[in-house]
Amino acid sequence: MFFFIKGYFLFSHSCLDRYLNMGNLLKVLTCTDLEQGPNFFLDFENAQPTESEKEIYNQVNVVLKDAEGILEDLQSYRGAGHEIREAIQHPADEKLQEKAWGAVVPLVGKLKKFYEFSQRLEAALRGLLGALTSTPYSPTQHLEREQALAKQFAEILHFTLRFDELKMTNPAIQNDFSYYRRTLSRMRINNVPAEGENEVNNELANRMSLFYAEATPMLKTLSDATTKFVSENKNLPIENTTDCLSTMASVCRVMLETPEYRSRFTNEETVSFCLRVMVGVIILYDHVHPVGAFAKTSKIDMKGCIKVLKDQPPNSVEGLLNALRLSKATQ
């Protein structure tokens with residue numbers, strides 16, 4: 001039994017209490033007495049920006065249009081394990097050393113591109129947080145009114161968990177980068193010109209090393225960005241940010257567990273999209289909120305979220321469960 005599954009049995013709040021604590025989200029979803037339309041359905045498939053959303057939307061879209069290419073490059077990343085092993089086993093063979101270096105340098109160029117994309121993604125996330133937490137609207141109102149921005153926020157989280165799942169299953173990434181740094185250091189000591197140093201200098205290599213040392217580097221980047229956003233916007237109550245995250249988690253959970261809402265998905269992939277987004281916002285909430293997502297006082301219905309995950313085919317959610325375990329373990 002996992003720590004977070006064990007933990008969720010400690011929750012005493014009912015689902016109704018959860019929703020009432022979410023700023024009348026239940027009323028919004030059922031629309032019994034609020035003038036907010038027949039349903040609060042976050043349209044992850046078709047949401048388009050309104051005029052007021054377009055400035056932030058266009059800025060974020062420039063980043064997101066490169067996301068799929070990043071994932072394709074990461075998925076096809078095979079590493080230089082064979083060349084590195086040959087070079088290590090035959091240290092006196094200069095041809096093998098050159099072959100290994102020649103194989104690693106372009107791969108490090110790819111790793112640099114991934115790292116630089118994480119910095120662009122961080123800036124995009126902070127722009128979206130600024131828009132989705134601003135006054136005078138509540139987080140629920142923001143998510144309903146600005147669905148295109150909410151969709152982009154979700155796309156960032158979806159990309160992030162997919163990236164980290166791929167990274168965790170590819171040890172070649174850290175092996176290649178470690179070999180690159182060791183070889184570069186040896187070349188400097190021996191005053192040997194290193195063509196790859198122009199690609200990744202020592203300062204950048206240090207930052208990249210910290211990034212790739214993380215089990216989930218993209219999530220760590222976004223968690224740090226969210227924490228920094230809160231600390232830099234002291235005039236904005238922290239609840240504006242944490243309620244935005246918990247509201248998004250609840251909306252995803254409700255859409256997944258309610259047949260009426262789930263039947264509106266026209267793409268089968270939208271289910272896995274919602275699952276990743278739900279887990280992503282839980283982890284961000286856990287990092288930013290003073291007591292975390294797994295506490296009794298959390299505004300996230302962890303019991304309900306875990307149930308939604310456990311109701312899926314096990315092989316489709318194991319990576320998401322692992323991400324939650326890692327989040328809890330690092331708190």
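The rule of thumb for compact globular proteins, 2.2 N^0.38 Å, goes into the C-alpha radius of gyration of region 225-331 1.10 times.
With the whole protein complex present, residue 55 retains an accessible surface near 130 Å², based on a 1.4 Å probe. Ligands, DNA and RNA excluded, the heavy atoms of residue 316 present near 70 Å² of accessible surface to a 1.4 Å solvent probe.
Here region 215-283 is treated as a Stokes sphere of Kirkwood radius computed over C-alpha pairs; at 4 °C and 1.567 mPa s its diffusion coefficient rounds to 96 µm²/s. Computed extension gain for residue 201 through residue 78, at 0.36 nm per residue and net of the alpha carbon distance, reaches 42.0 nm.
The Kirkwood hydrodynamic radius of region 113-272, based on inverse pair distances between different Cα atoms, is 18.3 Å.
On the beta carbon distance between residue 264 and residue 54, with R0 = 35 Å, the FRET formula returns roughly 0.90.
Using a simple spin-label model with pseudo-atoms 7 Å out from Cα toward Cβ, residue 178 and residue 94 lie 2.9 nm apart.
Looking only at Cα atoms, what is the convex hull volume of region 60-133 per residue, in Å³?
Working: hull volume 6.7 nm³, N = 74.
Per-residue hull volume (Cα only) is 91 Å³.
The values are calculated or read from the model by the stated rules, or taken from the named source; none is laboratory data. The shown structure was predicted, so the numbers you read here are calculated from the model rather than taken from an experiment. Reconstructed Cβ throughout: ideal geometry from the backbone, glycine too, with neighbour counts over all protein chains shown. All accessible areas refer to the heavy atoms of the entire protein, side chains included, with ligands and DNA or RNA removed. Shrake-Rupley method; radii C 1.70, N 1.55, O 1.52, S 1.80 Å.
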